[in-house]
Structures are given as C-alpha cells and as structure tokens.
Amino acid sequence: MAANQAQYDIVISGGGLTGAAMALAVLKQAKKPLQVAIVDSANKQQASGGFDERVIALSYGSAEYLHKLGVWDRLKSHACAIKNIHVSDRTYYGKARIDCQDYQREALGYVAPLDAIAKSIYAELKTLTGGNHRLDEYFANGIEDIVWQKNEVQVQLQQGQLLTAKLLLGCDGGQSRCRQIAKIDTECKDYQQYAIVANVQTTLPHNNKAFERFTKSGPLAMLPMTENRCSLVWTLTPSDAEYLMSMDDVGFANALQKAFGDWLGPFTRIGRRQNFPLQLVHAMQLTQHRLALLGNASHTLHPIAGQGFNLSVRDVACLASLITKALENGDDLGSYDLLSRYQQLRQEDQQTIIRLTDSLVHCFSNQYFPLVVGRNVGLKALNYSSGIKRLLAQTTMGYVKE
Amino acid sequence: MSQDVNVNPKEIEKFEKVASQWWDTEGDFKPLHQINPLRLSFIQSHCGSLFDLATIDVGCGGGILAESMARVGANVTGIDLGQEPLNIAMLHALEAGVEVDYQKIPVEQKAEQLPAHFDVVTCMEMLEHVPDPESIIKACAAMVKPGGKAFFSTLNKTTKSYLLAIVAAEKLLKLVPNGTHDWNKFIRPSQLIGWAESAGLKCIDATGIHYNPINENHKLAPGLDVNYLLAFEKPKDQSS
C-alpha cells in the first residue's frame, strides 16, 4: 500500500461536536480493535471563550449520555444547570413554574459552551489512544472526492491521502460535503420567522432559572449561563427582527426590557447580536451505500441549535450502538442492514420533531413557537396549557434511546 | 416505427404533452413523487442494497424511479417509447449529476439484446397503458438474471379501482389529469401473476398502495383492490 493510503473501519467527516462524540462513542464502546479517522477541512477548534461564546442547551438525556462517555466530569464546571423554568405570557396571567425537584433531578437541563464541550470530548478521546484502537486526525484537510465500491468506500483528501473505510459518517454540518457528493437532496421549511440570539447580562442573579415569555412579537427565551450571563433567543417577525437588529445596544436593551419584564432587573450588558431565519432543513435520506448522515448534516433546526445537538446526540447514541453490536458479531460495519436500521430508527425521531415543529407553528399561529426552553431541556410535560403539554408529551425528547 | 411495436400512440402522446411536468412535485405527477419512496423501499426490502446492481426501469417516463435507484448506487438503464419524457429524464439526471442510461427502445427488443442480464427489473404504473401487457411482462422476465428480481405495479380491475382511480382521482379530486387511465386496461393481480409465472418468474410478495385523501399520505399495506405492487424472483436453477 502506498504511503499516502490508509485503511480504516470508519472515516468520520467533520471534527465538530457530532463527529468527535461519534468517534468517542464507538471507540469507548468497541470491544474489539477499531480503526477510526476524523477528517475536517477546518483546523481543530481553538477555545475562544469570552462574553459572546456560543452556548447550547443540553437536555438531561444528552448530559447523561455525555456522562456515560466520560465527558461530563470535564465539562460540568463550564455548564450551567437549569434548575427551574418560568413560563409567562405578556398578560402576566398564564404563569407556570417547572422545578427540577418535581422530577427528582438535580437539573432540568444544562447550558454549556460549544468550545468547552468540544474540548472535553477531545480530551477524553486522547485517553483512549495507545490501546487497541487507532484514531487518526486529518485536520485542515477536507474531502476532495468519494468513490463508492461494493465492499468499501474511498475518501480522497485535498492533501492527496486516500482513506478507505467500511463506513463513512457525514458529521460535517449543514453544508455537508458527504451529503453533496452522495447527491442526497434536502428539504427546507422556512417558518417566515427570525430569531435574534445574543448573550446578555442582568443586574439580578438568574439563580439557575430559565425564562420563556410569550411576547406580542413572539416567544422570548432566556437561558441561564455561567458568570450570571443569559443566552437570549427571541423569535420575531422578519421586519421586527430587522428593526431590533438595527438598534444600538441601549435601544435594544430598552426594547428587550419592555418585552421581557423586570424578572432579572435592568440589563447591564448586551453582547453581539445575531439574527437567523427559522428554518428546518432535513436530508431526504439519512443513509446511502456505506454512508450515514448524523447531526446537522441530516437535520438543521435554526437557530435552536440546542435542540439540534440533542438530536445529534441521539443520532450518535443510536448509530454507535448498532456499530458496536455489528463489531461484536463480526458483521460488516457498513452493511445495508445496519444502515437501513439506523435510517428507520432515526427517521421516526426526526419526523416527530418535524411534526411537532409544524404543529406548534400551525396550531398556535406562531405565537408559541419554538418553546425554546421547554424543548431544549426536553421536558416530559410543560405545566402551562394542555395543548402544549400534550404536544411536548408526545415528543419526550430528553432521553437518549438506544 | 414498425407496426408490431407494443405501444398505443395515443398513450405516448398523452405523456408527451405533460412531459414538462414530470419533475414538478406539486404538478400532474405529484402522486408518483409521493409513492416513489414507497416503491424504492419496497424494492430495497427485497434486494437489500441496490449498489452496483444492474437495473432496468421499463417505461421509465421522466425518470422518477430510475433516478432514485441510481442515487442509491444502482447501475440503471431507463427505457421508454416517449421521446419527450426521455429528454426530460436525461436533462434532470444531468442537472442532478446522477448517471442513468436512458434509451428509446421497445422492451421486447431490449430483451433480445440483453437476456438474463439484469439483477433488478422494474415496470411501474405502465402496464395499464399498453395494448399487450403480457408481452411486456414476458420481455421483462427474460431480462432478469437467475436469482434476480422483477417488480410490477399497476391498477386492479375492480369496482373500487374504477371509483377511486377514475371517478375520485381524475374527476373529483383531480389528482391526475382527466383521461390518465382507462379502466378497461386495468389488470387483475391473478392475471398478472399468471403471465409472470408462465414467463418463469415466481411471485414472492404483493402489497397494495393506498392513498388517504385527508392527510394526502400514501402507504403500503395489504389490500390489492386498487393500486398494487408485486415482487417476483427468477429461480436460480432455471436458465433463461
């Protein structure tokens, strides 16, 4: 074999959270030696931190899975627990409180920085090398082309290496290169709404409380972060969003105060604001010959990235468990049976999310979309209105099914 | 075109006229787009991975099924007698970057060229549009390799199919253009299976394709009384 050729069981395209978690999950659970490569066109993520660091909400189920993978101990000091949720509407009448104690848990979910999660996963991955397993990283080296053979898949890298594998995993995000090369179509639903996302700081401590308010212009969520910051997700009509984006920080803080109320006192700092259209993009197929799509490559729910990652964790848990079983039985890791099983299991979950999102948008005429907090922590029930409660109960998104 | 070609020129003309609509998922062919994933997964459930399998779609029209099989890795040939749908199919495949070999050729002639050549032969929603469906089935059967599979779908000749496929689908709900189907050409499953088995195929599965006009969903389920889909296998020990 030529020097620039290498053989693996699994090649993972994408070294972000999903790809790294997938590598960790299979290597951790594999009872037989496993050769894995991670490929990413970008450099390895450098920890950025800072006031505006991007955070995601982890459901209790996702946190449990990260614990199982040995990541949680490294991550927990960076994560902020959501201990209770305060739901209110603009009339201040329909109020509800949900407390973690009602569910006999220490938290309903967590808010954690993306960087810290990635760093913790890679740190844990490092502890696994040196054993029977092999993990090679090809960073700053994207996929040039993919050639499918009956019994393997060949991945040609931009820097010339040729990797062959039994199975290729597309964990390469919303613009998935694997998905493009495999010519898998996507479907996009545009909800004609925008969301402004920013980290903000308030005078009063949040005390691990998350807020969801149904304001005139749309639902507004505040998720507790470390250093008494909050992560704001404010759903708005496109024109309202544009208007609020054009304001200076003082003007925006006033508008936010008016919409949110005084629950946390005056806003003392407004971080960098970002504006996203609310879109649900999903791949028409999750698998192809010797290829599976995971995470944002298979579904992107903007900008509620938290929910997206919880879905990704369930993709990882599902596929890692199928791969582990196949490895144990000496089966082909890229077999049609394994992949169609993955597709079948994950499609049900994905369809549920799409149905739920549609129902929320249509049944509540956009007023209750996206129930950011409740959905992010994957509550089994939200003690607010029977309609929402029923819809949320249908999903019970918080737990990793294996 | 020679006179012994098994084709009804009026039928070809009908599909030529609406060719531009083939890939409009909300247009005249919307039902085909809706049932295509079901057809594909039915085929996959019997063949496993289609990767690298020699596959031919007979009466491929604008290529909805042919292209979807090529996308999952099959080596697909698509044949039809309508030039306009074939042009659309070729253009679409080109745009999508999917390789399908489209040819304008009667299936009987193709079968003479390539007997016992294909792992998978499909012929969907086509038999109800030709003068001599038995000849089509015979030709399809001849092209299947021993151990290979053939799939046929068409409309059953029942009162219910008249009410649903003609009265409801064409006249009332207008799911497909008026005159798309002629009930007299619908085929009973027993007849289709009889033709196929006398051509050396063995029926291995049958399912109905059902439409729910309320939620606009299609699903595969028992009950062959309207739209149905049959799977056949050519036994391995038999030479074609």
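The values are calculated or read from the model by the stated rules, or taken from the named source; none is laboratory data. Small disclaimer: the values here were computed from a predicted structure and weren't measured. Positions of Cβ are generated from backbone atoms using ideal geometry, with glycine treated the same way; all protein chains shown enter the neighbour counts. Note: areas computed on protein heavy atoms with side chains; ligands, DNA, RNA excluded. Shrake-Rupley method; radii C 1.70, N 1.55, O 1.52, S 1.80 Å.
Below is a table of values for the structure above.
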| quantity | calculated |
| --- | --- |
| Cα centre as origin, Lys/Arg/Asp/Glu Cβ charges: the range B:116-240 dipole, Debye | 80 debye |
| Ordering of B:187-193, A:213-219 by burial proxy (mean other Cβ atoms within 10 Å per residue, highest first) | A:213-219, B:187-193 |
| Placed amide H near A:Ile56: partners under 5 Å, 5+ positions off or other chain | A:Ala112, A:Leu114 |
| Out-of-range pairs (alpha-carbon distance over 29 Å; input A:Lys166/B:Lys202; B:Lys14/B:Lys138; B:Lys171/B:Lys202) | A:Lys166/B:Lys202; B:Lys171/B:Lys202 |
| Set of the range B:176-196 residues, backbone N closer than 16 Å to the point 7 Å along the Cα-Cβ line of B:Lys160 | B:187-190 |
| Cα pair distances of the protein assembly as shown binned at 20 Å [whole percent] | 18, 43, 31, 8, 0 |
| Protection proxy ranking of B:20-32, A:24-36 - average other beta-carbon atoms within 10 Å, highest first | A:24-36, B:20-32 |
| Within the range A:174-210, trypsin sites (Lys or Arg not before Pro) in DSSP loop having at most 15 other beta-carbon neighbours inside 10 Å | A:Lys183 |
| Cβ-Cβ FRET estimate between A:Lys183 and A:Val250, R0 fixed at 45 Å, reported to 0.05 | 0.35 |
| Sorted peptide list for A:10-23, B:122-135, A:248-261, criterion being average Cβ within 10 angstrom, highest first | A:10-23, B:122-135, A:248-261 |
| Residue-by-residue Karplus 3J(HN,Hα) for the range A:130-138, coefficients 6.51, -1.76, 1.60, Hz, glycine and proline x | x, x, 6, 7, 10, 10, 10, 10, 10 |
| Estimated distance in nm for a label pair at B:Met90 and A:Lys150, the labels positioned 7 Å out from Cα along Cα-to-Cβ | 3.1 nm |
| Size of charge dipole - the protein assembly as shown - debye, nearest 20, with Cβ of Lys, Arg +1 and Asp, Glu -1, no other charges | 2160 debye |
| Candidate lysines - alpha carbon under 22 Å from A:Lys83, same-chain residues fewer than 8 apart omitted | A:Lys68, A:Lys95, A:Lys209, A:Lys380, A:Lys389 |
| Long-range HN-HN contacts of B:Gly148 with modeled amide H, under 5 Å | B:Lys234 |
| Charge sum, other residues only, whose C-beta stays under 13 Å from A:Gly50's C-beta, Lys/Arg counted +1 and Asp/Glu -1 | 0 |
| 222 nm mean residue ellipticity, helices alone, for the protein assembly as shown (DSSP H n ≥ 4; -39,500 (n - 2.57); rounded to 500) | -10500 deg cm²/dmol |
| Restricting the range B:162-240 to GluC sites (Glu not before Pro) in coil, as DSSP defines it, with at most 14 other Cβ within 10 Å | B:Glu216 |
| Mean separation of Cα contacts under 8 Å, 6 or more apart, over the residue count of chain B: relative contact order % | 18 percent |
| Too-long pairs where the Cα-Cα distance tops 27 Å, listed order kept, from B:Lys30/B:Lys185; A:Lys183/B:Lys30; B:Lys30/B:Lys234; A:Lys189/A:Lys258; B:Lys17/B:Lys110 | B:Lys30/B:Lys234; A:Lys189/A:Lys258 |
| Positive minus negative residues near A:Ile146 (Lys, Arg vs Asp, Glu; Cβ under 10 Å) | 0 |
| Average partner coverage of A:284-290, which counts Cβ from other chains inside 10 Å | 4 |
| Where only C-alpha atoms are counted, convex hull volume of the range B:86-240 per residue in Å³ | 134 Å³ |
| Cut-off under 5 Å, modelled amide H: who pairs with B:Tyr102 long-range | B:Gly78 |
| Net charge over other residues, Cβ less than 14 angstrom from the Cβ of B:Ala169 (K, R count +1; D, E count -1) | -2 |
| Between B and A, accessible area buried - total, square angstrom, nearest 100, 1.4 angstrom probe | 900 Å² |
